[in-house]
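To start, the structure itself, in structure tokens.
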């Protein structure tokens with residue numbers, strides 16, 4: 001019985017490596033889009049959070065950009081089918097794999113630490129509420145958007161609770177007083193921390209997904225390097 005014929009493109013280093021590299025670039029695009037969206041969310045609360053949040057998103061973006069540069073090398077290696085180029089490409093794939101593992105670990109770690117991470121920064125920012133308009137704007141938007149008040153609760157404001165700590169019904173006319181009895185009881189550290197932690201979790205999940213892809217990509221790239229060095233390959237004109 002005749003063995004089934006292997007399609008020509010599956011025996012070609014050029015085509016197989018190009019396909020592997022295309023998946024590699026797609027994983028980089030997924031990581032880039034996710035990280036940019038999360039970074040934009042973090043920028044909305046830049047006066048309330050620490051650099052740890054920006055470091056995570058920025059590192060993920062930098063990794064995605066590096067993926068695109070390595071992708072060009074991958075396509076060049078596929079065209080040339082030279083062992084040393086493909087071997088260098090595989091070495092860089094291993095580096096990216098390490099970066100993606102780091103992103104995954106940092107994302108899940110920050111998810112658990114988000115609320116604790118922002119408490120001191122929020123407390124410092126709270127003291128500047130009346131002196132800096134950009135700080136008061138962030139706090140007012142935060143308290144109205146998340147229906148929260150203060151860092152740990154409304155008691156953080158002492159006897160000067162902002163109107164943004166209270167729900168104002170449509171049609172309400174002045175004077176309106178926001179006091180302890182009608183102010184939101186939830187602290188903003190827990191509310192904002194949950195939202196920031198969720199976004200760190202999104203980066204962590206994305207990192208885990210692209211890491212899983214990267215394992216197969218790296219193995220596939222290593223196999224193509226082996227074929228280009230030790231096996232007779234189909235050369236494309």
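Bear in mind these aren't lab numbers, they're just calculated from the coordinates by the rules spelled out. These numbers come from a predicted model, not from an experiment. All Cβ positions, glycine included, derive from the backbone under ideal geometry; neighbour counts span all protein chains shown.
Scanning segment 169-211 for residues that are out of contact with any helix residue (DSSP H, G or I) (no Cβ under 9 Å at 6 or more places or on another chain) and either farther than 27 Å from residue 115 by Cα or in a strand (DSSP E or B) (or both) yields 169, 170, 171, 172, 173, 174, 175.
Looking across segment 164-185, the residues that are crowded, with 17+ Cβ neighbours inside 10 Å and free of Cβ contacts under 8 Å to residues at least 40 places away in the same chain come down to 164, 165, 166, 178, 183.
Only one of the listed residues (120, 125) is part of a helix (DSSP H, G or I), closer than 15 Å to residue 49 by Cβ and in contact (Cβ under 8 Å) with a residue 60 or more places away in the chain. That residue is 125. Among the residues of segment 142-163, those that are free of Cβ contacts under 8 Å to residues at least 40 places away in the same chain, under 33 Å from the mean Cα position of the chain (by Cα) and assigned to a helix (DSSP H, G or I) comprise 144, 145, 154, 156.
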